[in-house]
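Notes follow once the structure below has been shown.
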Amino acid sequence: MRLTTKGRYAVTAMLDLAFHSQTKPVTLTDIAARQTISLSYLEQLFARLRRANMVKGIRGPGGGYTLAGKACDINIADIIAAVDEPIDATKCGGESNCQNEKACLTHDLWMGLSEQIRDYLKGITLAHLLEKHRVQEIVKRQEQDALQVIEIHRQTKSITNLNDLL
């Protein structure tokens, strides 16, 4: 089984959102900057997450996204499923047609692994991850990194404006 960037980015963005939306809605631009994920890719993921009722959008000034429910009620397996990412270690997608339209010799082994992974991810919520000290340390580092990028962008823009005046 291989989790693609779609599933990884969805979980990362949801964890970022869970942390930062505790006080106010979060823009996708902010998530994109902190997590170095393409804004257009995040828009696609959040459209799916919105359809799955995992996030809700708030329009207007100060708007953005918040979790649609409590962080303790949103598990990682559901996030991955919301973006159409299968949690499946089988070659046949669980259809039992892996060898000449019948189950292969190791089908049950891979089905069992898929179930173990799914159960493991179902047992981990966003709230569990938010409680981890390491996650909190990383959030602080990412905020500092994002502020540095914003400052560099601001300085570059000032230099460009100064050059335009000269």
For the pair Thr156/Ser96, report the inter-label distance in nm, with labels modelled 7 Å from Cα in the Cβ direction.
5.7 nm
Using the Kirkwood formula over every pair of different C-alpha atoms, what hydrodynamic radius in Å results for the stretch 1-72?
12.2 Å
How many Å³ per residue does the convex hull of the Cα positions in the stretch 62-150 occupy?
157 Å³
Using all C-alpha to C-alpha distances in the chain, build P(r) with 5 Å bins and read off the rounded percent in each one.
1, 8, 14, 16, 16, 13, 9, 8, 6, 4, 2, 1, 1, 1, 0
Tell me the relative contact order for the stretch 1-93 as a rounded percent, counting alpha carbon contacts under 8 Å between residues six or more apart.
38 percent
Reduced to Cα centres, the span from the stretch 42-74 to the stretch 76-139 in Å works out to 23 Å
Under the Karplus curve 6.51 cos²θ - 1.76 cosθ + 1.60, θ = phi - 60°, whole-Hz ³J(HN,Hα) for the stretch 132-144, x wherever Gly or Pro sits:
6, 4, 4, 4, 5, 5, 5, 4, 4, 4, 5, 4, 5
Measure off 7 Å from each Cα along the Cα-to-Cβ vector at Ile124 and Thr27, then give the distance between these two points in nanometres to one decimal.
3.1 nm
Which of the cysteines in the chain are isolated, no other cysteine C-beta under 4.7 Å?
Cys72
Trypsin sites (Lys or Arg not before Pro), loop per DSSP, at most 15 other Cβ atoms within 10 Å - longest free stretch of the chain:
3-58
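Here, each number is a calculation from the coordinates, and none is a lab measurement. The structure displayed is predicted, hence computed values, not measured ones. Here Cβ is always computed from backbone atoms with ideal geometry, including for glycine, and neighbour counts include all displayed protein chains.
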